[in-house]
Amino acid sequence: MERFTALIFALLVLYSTPSFFISTGQTCEGNCGNKPDGCSCHPTCTSLKNCCTDYREYCVEIFPYSGSMFGGTDFAVLDASFNESSQIICRFNNNINTVGYVDENSRGHCISPLLYETGWIPLQISSDNGATYNRVGSWLSVHTGKLGLQFKAMQINSTKWQYYGTPNVGGTLQMIWNTSLVKADRVNIELWGYRETGEPYSDYWQGEWTYLYSLAKDQPNSGSFSFLPKPAENGFSSWELGSVRVSSTMGKTGNMKSADHALAWHLEEKFRQNSAAWALEKCLAWDQLENELPNFLTEIIDCPCTLAQARADTGRFHTDYGCDIEKGSVCTYHPGSVHCVRAIQASPKYAAGQQCCYDSTGAQVLTADSIGGSTPDRAHDWGSPPYKKPPRIPGQSHWVYDVLSFYYCCLWSDNCHYYFKHRPSSDCRRYQSPSSAVVFGDPHIITFDGVSYSFNGKGEYTLLTSAEKQLIIQGRTEAVNGTTIKATKLSAVAMKEASSDVIEVRLVSDQSSLEVLKNQKILSFTEQSWMDLQGVFVFSPTSSNVTVMFPSGAGVEARLREGTITVTVLLPEEFKDSTLGLLGKMNHDATDDLVLSNGQLVQNHSNPEELFSFGAGWAVTINSTLFTYDSDYLLDTYYYAPKHDPSFIPVFSVSESQDDPLANQASEICSGEGSQFCRYDILVGRSPRMGNATRVSFRSHISLVDDLQPVTSCGWLSPPTNGKKDGTTYLQGAKVQLSCDDGYTLKGSTERTCQENGLWSGTETSSVTLILIITTIVLLSKKQKKRCSMCFSVGLYF
């Protein structure tokens, strides 16, 4: 809420200050994003105070700036001029139109449309009924599962809604909503259904949201609605997935919808008479369909072996909102798990997803052991670019192919073996942890291969470049406390991969928070913490915490610590031998880590002057920089000046003196491994708080490296037929006890241990019946007697 209030205040201040605009006769109509002669229509113009006078009129800001991809959000156009005769048409993505309106305060409004994609959508606005579209902006379409609860119509007891009609589940259903988000006195309550048609993986495969029927019309907008469900008529019960929408009876203003859910409550009477038999029939049909569809399991990433790895590998995995340990571990679809993550990127060919779940011990939960195990997905829950068509439609494709089938086979009937046949957990035997590097404090650096050093140059430098993966990460440093202290700190980081948007994370002017820029425009995270951008995802749950994720699996974490930025970079093994820059050559060999830009190696890692020359050699150029220069300070200090400031010579070593008033604090705060970095930041940077933050950053990195340590998995171990096992952990050192049911005897090892070589100790086990054992003994006895008899006879003959 604080971030939201700050945004509104900033917009009001910004757009009420005339000094931002320059009258030159130039116009921003048709020029948004450009810099005409004499004034600018570029997003940086507001901070540089050189906007054309009509910048606000044509390069519009909207509020709110985001909403559900299902559409129906009413948003205002903040500063453009409209009047009663304006006929507003809002065009999204150049081809989807909605009718807007002008309110009593002469402010224009648009209604967001139904979209089958997430991310920033180009917006054009017409005030002459579509004759011209001369105002431009952008709208953030959000996955329904990632919306805050305040933006949804809430189902009271959602479990009851989705089990309605199964044994002992019935009665009245209720939903509630925020009346302020549906600007109408009276509303309609509508059911919308979703389905996908056409041959899977063909050009004719399409997703479709359709209005089905109204549950009620012309109801007071009271914020609550209850009803007694009946089986749908006119064939509507064939729609098994959908959402309830609350909309204005007048049709102009916005609407709200419930979460997507299985429509158990409106299914045919046959379902209510015998839900298990109905569901089994659906399960068997799904099983047959899966047998005919291509196998996607071979191209999805393996799960991390441990919960610690899963939470640390932020470049490739992110918390599953349906099972989050930080929010109480309410894991409806994964009982027994405390936390799940999803692979961030969909698989390349089939757009499939991976989900990995873990129990309270940190061990991965497998479907072979539990209904709450990790499950892969034919359609990634979050969708994948270019979206719009199955199986890449965010949310809905996943529901159709992975969630409804779970209801059929597992929740509405007891036939999970069909589901897990096609959605088995992948274990972690092929998982490889990423390597990590970090920049922290008055910049201290630990490379991917563990080399640590300090570099206090002032300027803009290449932290990492990989020509093979087309990944570039740059860092900007500035002097600590102006010019009085000869040390620097990281104040901004900018990055891109291939043709992705350029993402920059930097300190705000008072150094109290971080701000994120996309292609030189500041992004607001007041409404959403996750954004799907071009070739990159950005997550910012707080103003001091930003994570950037690229399709290659590279992850960049930026954290605000005592007026500086700590940056952690995680790279998957595919980056091996392809990286250069201040973060080193990632190849698990520390001896060749620091490579000069000319290809030569730094010879002495303990020589601060040689390390300083090494860092200076990785200064960016005016043509390669990714940074934004939107203030006089940035222009003068970095754009027009050398990218490495040759006049700034830092203090290379700490001067130890008992007379130093900070010496005692340095001794108290700094101890153990990495203490030299902490001491430098206190005694040279003259800041005990910075020194303590440096100590925290160093220890956090050591903890991260420890969490990402490779572990050995021996893979799932099956219990003997007609037997059981005790133990569901399959990592090195784990022991599994094996036993048989009553009436059976174990053949093989009773205990097996996961060994360092990835193999289970002992021998394969099986259960045999006592009758079989006795029969075998009798037969062997008879055979032995026969042999003895023959020996006796032969002996008599001779």
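The values are calculated or read from the model by the stated rules, or taken from the named source; none is laboratory data. Values in this document were obtained by computation on a predicted structure and should not be read as measured data. Positions of Cβ are generated from backbone atoms using ideal geometry, with glycine treated the same way; all protein chains shown enter the neighbour counts. To get the accessible areas, we keep the full protein, side chains included, count just its heavy atoms, and leave off ligands, DNA and RNA. Shrake-Rupley method; radii C 1.70, N 1.55, O 1.52, S 1.80 Å.
If ASP218 meets every condition in (1) charged (D, E, K, R); (2) open to solvent by 40 Å² or more (accessible area, probe 1.4 Å); (3) within 30 Å of ASN291 (Cβ to Cβ); (4) in contact with a strand residue (DSSP E or B) (Cβ under 6 Å, 6 or more places away or on another chain) apart from one, which number is that one? Here ASP218 clears every test but (3). Taking the range 325-369 as the range and being more than 20 Å from THR159 (Cβ to Cβ), assigned to a loop (DSSP other than H, G, I, E, B) and of a type outside the set (A, V, I, L, M) as the test, the residues that pass are GLN345, SER347, PRO348, LYS349, TYR350, ASP359, SER360, THR361, GLY362, THR367, ASP369. Scanning the range 36-95 for residues that are touching a helix residue (DSSP H, G or I) at 6+ places or on another chain (Cβ under 9 Å) and under 18 Å from ALA131 (Cβ atoms) gives ALA80, SER81.
Across the range 644-687, the number of residues qualifying as surrounded by fewer than 21 Cβ atoms within 10 Å (Cβ to Cβ), farther than 17 Å from ILE445 by Cβ and not hydrophobic (A, V, I, L, M, F, W, C) comes to 17. Annotation: PHE296 fulfils all but one of (1) open to solvent by less than 40 Å² (accessible area, probe 1.4 Å); (2) of a type in the set (Phe, Trp, Tyr); (3) within 16 Å of the chain's Cα centre (by Cα); the unmet one is (3).
Taken together, the residues in the range 553-587 that are farther than 20 Å from VAL505 by Cα, open to solvent by less than 40 Å² (accessible area, probe 1.4 Å) and either without any contact (Cβ under 8 Å) to a residue 40 or more places away in the chain or in contact with an Asp or Glu (Cβ under 7 Å, 6 or more places away or on another chain) (or both) amount to 4. On the basis of being part of a helix (DSSP H, G or I), within 30 Å of TYR418 (Cα to Cα), among the polar types (S, T, N, Q) and in contact with a His (Cβ under 8 Å, 6 or more places away or on another chain), does SER237 make the cut? It is true that SER237 is part of a helix (DSSP H, G or I), within 30 Å of TYR418 (Cα to Cα), among the polar types (S, T, N, Q) and in contact with a His (Cβ under 8 Å, 6 or more places away or on another chain).
Within the range 646-670, the residues that satisfy the criterion of being out of contact with any Asp or Glu (no Cβ under 9 Å at 6 or more places or on another chain) and over 23 Å from ASN607 (Cα atoms) are GLN658, ASP659, ASP660, PRO661, LEU662, ASN664, GLN665, SER667, GLU668, ILE669.
Residue-wise test of (1) touching a residue at least 60 places away in the same chain (Cβ under 8 Å); (2) within 21 Å of GLY395 (Cβ to Cβ).
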| site | (1), (2) |
| --- | --- |
| ARG91 | no, no |
| ASN94 | no, no |
| VAL99 | yes, no |
| ARG107 | no, no |
| TRP120 | yes, yes |
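Checking each residue in the range 431-450 for being open to solvent by 10 Å² or more (accessible area, probe 1.4 Å) and more than 16 Å from LEU704 (Cα to Cα) picks out only TYR431. Taken together, GLY137, GLY171 contain a single residue that is open to solvent by 20 Å² or more (accessible area, probe 1.4 Å) and at positive phi, which is GLY171. When VAL365, VAL403, VAL439 are checked against the criterion of being among the β-branched types (Val, Ile, Thr), in contact (Cβ under 8 Å) with a residue 60 or more places away in the chain and touching a His at 6+ places or on another chain (Cβ under 8 Å), VAL365 stands alone in meeting it. Would you check if ILE472 is open to solvent by 10 Å² or more (accessible area, probe 1.4 Å), assigned by the TED database to the domain that holds ASP636, within 14 Å of LEU582 (Cβ to Cβ) and not hydroxyl-bearing (Ser, Thr, Tyr)? In short, yes.
Have a look at GLU84, GLU57, GLU117, GLU61 and point out the one that is closer than 23 Å to VAL244 by Cα and open to solvent by 20 Å² or more (accessible area, probe 1.4 Å).
None of the other options fit; the residue is GLU117.
Of all residues in the range 452-469, exactly one satisfies the criterion of being of a type in the set (A, V, I, L, M) and open to solvent by 10 Å² or more (accessible area, probe 1.4 Å), namely ALA467. Determine whether the range 169-191 contains at least one residue that is over 30 Å from ARG56 (Cβ atoms) and in a helix (DSSP H, G or I). Checked against the condition, which is being over 30 Å from ARG56 (Cβ atoms) and in a helix (DSSP H, G or I), the range 169-191 yields at least one hit.
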